[in-house]
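Peer 1: I have a structure here, written as structure tokens, and I will follow up with some questions on it.
The values are calculated or read from the model by the stated rules, or taken from the named source; none is laboratory data. This structure is a prediction, so every number in the text was calculated from the model and none was measured. Here the Cβ is made from the backbone with ideal geometry for all residues, glycine too, and neighbour counts use every protein chain on show. All accessible areas refer to the heavy atoms of the entire protein, side chains included, with ligands and DNA or RNA removed. Shrake-Rupley method; radii C 1.70, N 1.55, O 1.52, S 1.80 Å.
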Amino acid sequence: MEKIWENEYVYTTAYYSVVILCIVLFLAVFELVTKYKNWEEIKNGNISVAMATGGKIFGISNVFRHSIIHNDSLLMMIGWGVYGFVLLLLGYFIFEFLTPGFKIDEEIENDNRAVGLLAMIISIGLSFVIGAGIS
């Protein structure tokens, strides 16, 4: 069994598959914490939701990128990825808290592109900070 993990194609496929499953799971969690239906809004052409969701996907992927680079085992990679996701989720709640003048979810649902863009940039920016801390 050790030999199979030495094959770079198997190694890459395993990590890729796990990351895809984690992205789907984490997006489902984001779907639960937002007040709007991400994929329904995107289907209806809501650019703000698309930007915010794209930022989340990029953020999660970037955290896993750093996790893969810095960890030799699949379990450690998953552990750091989950930890990074929790920090991204926390960042989402902090963003909401720091803007008491309006509700982030409502603005994004109403296709306020400035808020959608800012949400995307926050997700991407935090993912770089989280990734830098992964060891």
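Peer 1: Could you provide, to the nearest whole Å², the per residue accessible area of segment 44-135 with probe 1.4 Å?
Peer 2: Normalised by residue count, the accessible surface of segment 44-135 is 51 Å².
Peer 1: Within straight cross-link reach of LYS43, meaning Cα distance under 26 Å, which lysines are found once same-chain residues fewer than 8 apart are removed?
Peer 2: By straight Cα distance, LYS43 reaches LYS35, LYS56, LYS103.
Peer 1: Would you compute, from DSSP H runs of 4+ residues alone, the mean residue ellipticity of the chain at 222 nm, taking -39500 (n - 2.57) per run and dividing by the full residue count, rounded to the nearest 500?
Peer 2: -27500 deg cm²/dmol
Peer 1: How would you rank 27-39, 119-131, highest first, on the average number of other Cβ atoms within 10 Å across their residues?
Peer 2: 119-131, 27-39
Peer 1: Students often check this: by mean Cβ neighbours within 10 Å, which of 105-113, 40-48, 57-65 ranks highest, and how do the rest follow?
Peer 2: 57-65, 105-113, 40-48
Peer 1: Probe radius 1.4 Å, ligands and nucleic acids ignored: give me the carbon and sulfur share of the accessible area of the chain as a rounded percent.
Peer 2: The computed percentage sits at 69.
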